[in-house]
Amino acid sequence: MSTETRDTIFIGKKPLMAYVTSALIQLANLPAVNIKARGLSIGRAVDVAQIIARKTENAGYSIGDIKIGSESLESQDGRTRNVSTIEIEVKRNES
């Protein structure tokens, strides 16, 4: 389980480039990193993956598998609601 959390970046409310920098640091040591987000942070997760894949194209990173889904969460008023989720794999190209 510890290796799963090490290669996973959870997207929240920090500035976009903080997540890009974190992902690039992890990609220097690992073959792939998963970017996970849910709800309103999904757009930011897509932006992070696109920045890494496009701006570092010469460094050899690309987008791999993309998984989408939903989770049932209990809201503050006690009702259950579904929240969309996304998981984007960014990997080092084999060359």
| message | Just to be sure I understand the filter: pairs with C-beta atoms under 6 Å, separated by 6 or more residues or on different chains, first member in region 25-37 and within 14 Å of LYS14 (Cβ to Cβ), second member among the small types (Gly, Ala, Ser). Which pairs pass? | response | ILE35/ALA45; ILE35/ALA49; ALA37/ALA45
| task | Evaluate the following for SER72: is it modelled with pLDDT of 90 or more, surrounded by fewer than 10 Cβ atoms within 10 Å (Cβ to Cβ) and either on the phi < 0 side of the Ramachandran plot or part of a helix (DSSP H, G or I) (or both)? | result | yes
| task | Give me a count of the residues in region 75-95 that are loosely packed, with under 10 Cβ neighbours inside 10 Å and either outside any loop (DSSP other than H, G, I, E, B) or hydrophobic (A, V, I, L, M, F, W, C) (or both). | result | 1
| query | Scanning for something more than 12 Å from the chain's Cα centre (by Cα), buried (at least 17 other Cβ atoms within 10 Å of the Cβ) and modelled with pLDDT under 95, does region 5-22 turn up at least one residue? | reply | no
| Based on what the data block shows, is ALA37 touching an Asp or Glu at 6+ places or on another chain (Cβ under 9 Å), part of a helix (DSSP H, G or I) and either over 16 Å from MET17 (Cα atoms) or modelled with pLDDT of 95 or more (or both)? | no
| Looking only at region 48-68, which residues are part of a strand (DSSP E or B), loosely packed, with under 12 Cβ neighbours inside 10 Å and either out of contact with any Asp or Glu (no Cβ under 7 Å at 6 or more places or on another chain) or touching a residue at least 60 places away in the same chain (Cβ under 8 Å) (or both)? | ILE68
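The values are calculated or read from the model by the stated rules, or taken from the named source; none is laboratory data. The shown structure was predicted, so the numbers you read here are calculated from the model rather than taken from an experiment. Using ideal geometry, Cβ is built from the backbone for each residue, glycine included, and neighbour counts are taken over all protein chains shown.
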